[in-house]
Amino acid sequence: MNVPAELAAYLAKHPETRFVDAVLYDLCGTAIGKRVPVRDAAKLWSGGVAFCAGITTLDALGACWDVNGIGFSDGDPDATSYPLPGTLVPVPWAEVPTAQVQIAPTPPEGASHWWFDPRAILGNVVARFAELGLKPVVANELEFYFVDPKRDDKGRISPALPARSGRAAEAPRVLAFDKLDEWASLLAEIDAACVAQGVPAGAATAEYGGAQFEVNLGHLDDPVLACDHALMLRRIVKGVAARHGLEATFMSKPFADQSGSGLHVHASLVNSEGRNVFDETTPDGDRLLGHAIAGLQATTYDAMAFFAPNINAYRRFAANQFVPVNTSWGINNRSVSFRVPMGGGKARRIEHRIAGADANPYLVMAAMLAGFHYGLANQLTPTPPSTGNAGEEADPEMPLRLWTALDRLEGSTLMAEYFGPRYPAAYAAI
């Protein structure tokens, strides 16, 4: 069998490789796929790998609910997936030398994509910006906790303690260098794995929770790739933590008395000349920024179930917690939903602060960009910017329970327009 050039070059550099993981991500962002012995790895490129097409509709426990005929009703057909070029990378935390390659399913005959594939849905939303002559530039920030693998006598989890600290696990030490130093070895190994896998990890920050951290990812003009990287980062963090005898969780609110973990998305738009159209030094910068923010304000409640996909996620939303409880926006203000950070000109952007870290990045990004597109296409006007504490009082219209968010999504013509006519109801049913 002919060995594809990408695989041959990789094996020449990593001859010790024993297995290749063919990876894609399900509805909850879990890495799924097949592990192939290296002797058979070339078959991934020549014939692909087949497994059930509906795998991206499984719930958090791996259950299939036969939603919209996906699963039992349609005979659970396979889809054949093939490697995405340039995604063959090592798995540094693996005990046995292993590589991974991201795969994507070929669409069914006569269709452009599987209608329930979150990655393809995002790709379709991104493509709509071409009609506006614009391209999104985005970056993800993910917060997470290191967790003690032992449970208490009631089965509850606890934050992990660094080996050389006498502090309580819940001690809040945001931005503290001594906290970074205590976890330096683990964080450095995470960074090295990101480098090895081509994930553009930047600053690591000590967050409020006792064993809580944030890793920033670089800005890209390819939102789909940016979300690939976010999911790769989640796998890296969990894999490296496990190698150190710990667990890591991206759960929105793992501890009732500590801060929640968010997925913050930074986004701007560039025109065909590569200029940031939000740049306030240009004639239309403020106007276009306002349209995008107004679009977010108009669409966010319809998309809330994408940003907060489970019951636990809604425990993160509370007044005076730097977690959005309305659709406010402001400049250099962390109490709002849509923050315009410091740094204007070509760096001017919007930070979307609503989603939890356990949300599916493809769907979060698709919903955010749908808001941008809707606001720009309809030239919507935002509310005045908030100053001071905008998170003091929750908007009674904001869906802050899973069931109300799902009802709102299922009845949304806007989300059906951007995600496809069948997807909101199917997601709500799952």
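Kindly indicate whether any position in the stretch 337-349 is aromatic (Phe, Trp, Tyr) and touching a Phe, Trp or Tyr at 6+ places or on another chain (Cβ under 9 Å). Don't jump to the end; show me each part of the working.
Pass one, the stretch 337-349, residues aromatic (Phe, Trp, Tyr): 338.
Those left that are additionally touching a Phe, Trp or Tyr at 6+ places or on another chain (Cβ under 9 Å): 338.
Yes: one or more hits.
Restricting to the stretch 397-420, what's the tally of residues that are in a loop (DSSP other than H, G, I, E, B) and either polar (S, T, N, Q) or more than 25 Å from ALA292 (Cβ to Cβ) (or both)? Of the residues in that region, 2 qualify.
Here THR30 clears all of (1) without any contact (Cβ under 8 Å) to a residue 40 or more places away in the chain; (2) over 30 Å from ALA355 (Cβ atoms); (3) of a type in the set (Ser, Thr, Tyr) except the condition numbered (2). Candidates GLY75, GLY29, GLY54: the one that is out of contact with any Pro (no Cβ under 9 Å at 6 or more places or on another chain) and at pLDDT below 95 is GLY75. The criterion of at least 2 residues that are under 23 Å from GLU417 (Cα atoms) and open to solvent by 40 Å² or more (accessible area, probe 1.4 Å) is met, among helices (runs of 4 or more DSSP H) falling completely within the stretch 275-380, by 361-377.
Of everything in the stretch 8-42 that is touching a strand residue (DSSP E or B) at 6+ places or on another chain (Cβ under 8 Å), among the aliphatic types (A, V, I, L, M) and not in a strand (DSSP E or B), the residue that is least open to solvent (accessible area, probe 1.4 Å) is ALA41. Looking only at the stretch 98-152, residues that are surrounded by fewer than 20 Cβ atoms within 10 Å (Cβ to Cβ), in contact with a strand residue (DSSP E or B) (Cβ under 8 Å, 6 or more places away or on another chain) and polar (S, T, N, Q) come to 2 in all. With respect to the stated conditions, LYS238 is under 21 Å from LYS150 (Cβ atoms) and open to solvent by 50 Å² or more (accessible area, probe 1.4 Å). Under the condition of being open to solvent by less than 80 Å² (accessible area, probe 1.4 Å), in contact with a Leu (Cβ under 9 Å, 6 or more places away or on another chain) and either part of a strand (DSSP E or B) or closer than 18 Å to VAL23 by Cα (or both), the residues counted in the stretch 58-81 number 3.
Taking first residues from the stretch 124-145 that are closer than 20 Å to MET232 by Cα and partners that are polar (S, T, N, Q), the Cβ contacts under 6 Å between residues at least 6 apart in sequence or on separate chains come to VAL137/SER268; GLU141/ASN216; GLU143/SER261; PHE144/SER261; TYR145/GLN212; TYR145/THR249.
One residue alone among ALA79, ALA60, ALA22 is free of Cβ contacts under 8 Å to residues at least 40 places away in the same chain, of a type outside the set (Asp, Glu) and out of contact with any His (no Cβ under 6 Å at 6 or more places or on another chain), and that residue is ALA79.
Right, ALA226: surrounded by 20 or more Cβ atoms within 10 Å (Cβ to Cβ), within 16 Å of the chain's Cα centre (by Cα) and aliphatic (A, V, I, L, M) or not? Answer is yes for this residue. For GLY391, the criteria (1) in a loop (DSSP other than H, G, I, E, B); (2) open to solvent by less than 10 Å² (accessible area, probe 1.4 Å); (3) under 16 Å from LEU296 (Cα atoms) hold in every case but one, which is (3).
The values are calculated or read from the model by the stated rules, or taken from the named source; none is laboratory data. Quick caveat, the model's predicted, so the values are computed rather than measured. No Cβ is skipped: glycine too gets one built from the backbone with ideal geometry, and neighbour counts run over all protein chains shown. Accessible surface areas use protein heavy atoms only, side chains included; no ligands, DNA or RNA. Shrake-Rupley method; radii C 1.70, N 1.55, O 1.52, S 1.80 Å.
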